[in-house]
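Below you'll find the structure, written out as structure tokens, and then a few comments.
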Amino acid sequence: MSLSEIPALTEKLLAAKKAKSLSFADLETVVGRDEVWLAALFYRQASASEDEATKLLNALGLSTDLVPELTGYPLKGLGPIVPTDPLIYRFYEIIQVYGFPMKEIIHEKFGDGIMSAIDFTLDIEKVEDPKGDRVKVTLDGKFLSYKKW
């Protein structure tokens, strides 16, 4: 998904969040879901329950007529092109450079399998450092062994 392909719903949610001066952490306390999951919901990468959607829309001062859009099946992925946003591209670059080493270490420690992106959490923290603040990203996924038959 490029910036020109951002869904109208995403733009509406982000505008309301900005107008209310809310952070995703603020919304986490209202909705009861992690800030990263909520950001994914804004970009239609996740799907809310009716209760979650209603709480979110009420907090943002938006009509509950949008509940069906937030509870519908999400649109996963960035699309078939290499991302051009500099921050998103860096994650793509990290996988290009460290993808095979990560795969090798995971296989060495767990065996033949994958890290689930379904049974998964992601956490983003700010770590203050005198040489410049650091971004700490934690990916936590269940290991799934490949089945033999």
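Quick look at the values:
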{"quantity": "Residue list for segment 23-77, restricted to those being on the phi > 0 side of the Ramachandran plot and not charged (D, E, K, R)", "calculated": "32, 61, 77"}
{"quantity": "Helices (runs of 4 or more DSSP H) lying entirely in segment 1-61 (those with 2 or more residues that are touching a Gly at 6+ places or on another chain (Cβ under 8 Å))", "calculated": "8-19, 50-60"}
{"quantity": "Residue in segment 88-95 that is surrounded by 11 or more Cβ atoms within 10 Å (Cβ to Cβ), charged (D, E, K, R), part of a strand (DSSP E or B) and at negative phi present", "calculated": "no"}
{"quantity": "Number of positions in segment 102-149 that are assigned to a strand (DSSP E or B) and over 15 Å from the mean Cα position of the chain (by Cα)", "calculated": "11"}
{"quantity": "Where a residue in segment 122-134 is without any contact (Cβ under 8 Å) to a residue 60 or more places away in the chain and not assigned by TED's automatic domain parsing to the domain that holds residue 37 and its partner, wherever it lies, is part of a loop (DSSP other than H, G, I, E, B) and among the acidic types (Asp, Glu), with Cβ under 8 Å and at least six apart", "calculated": "126/133; 127/133; 134/128"}
{"quantity": "Count of segment 63-101 residues which are modelled with pLDDT of 95 or more and more than 19 Å from the chain's Cα centre (by Cα)", "calculated": "6"}
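Okay, residues lined up against (1) closer than 21 Å to residue 141 by Cβ; (2) of a type in the set (Gly, Ala, Ser); (3) out of contact with any strand residue (DSSP E or B) (no Cβ under 8 Å at 6 or more places or on another chain); (4) loosely packed, with under 14 Cβ neighbours inside 10 Å:
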| site | (1), (2), (3), (4) |
| --- | --- |
| 13 | no, no, yes, no |
| 17 | no, no, yes, no |
| 47 | yes, yes, yes, no |
| 103 | yes, no, yes, yes |
| 111 | yes, yes, no, yes |
| 121 | yes, no, no, yes |
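The values are calculated or read from the model by the stated rules, or taken from the named source; none is laboratory data. Remember, predicted model here, so these are calculated numbers, not experimental data. All Cβ positions, glycine included, derive from the backbone under ideal geometry; neighbour counts span all protein chains shown.
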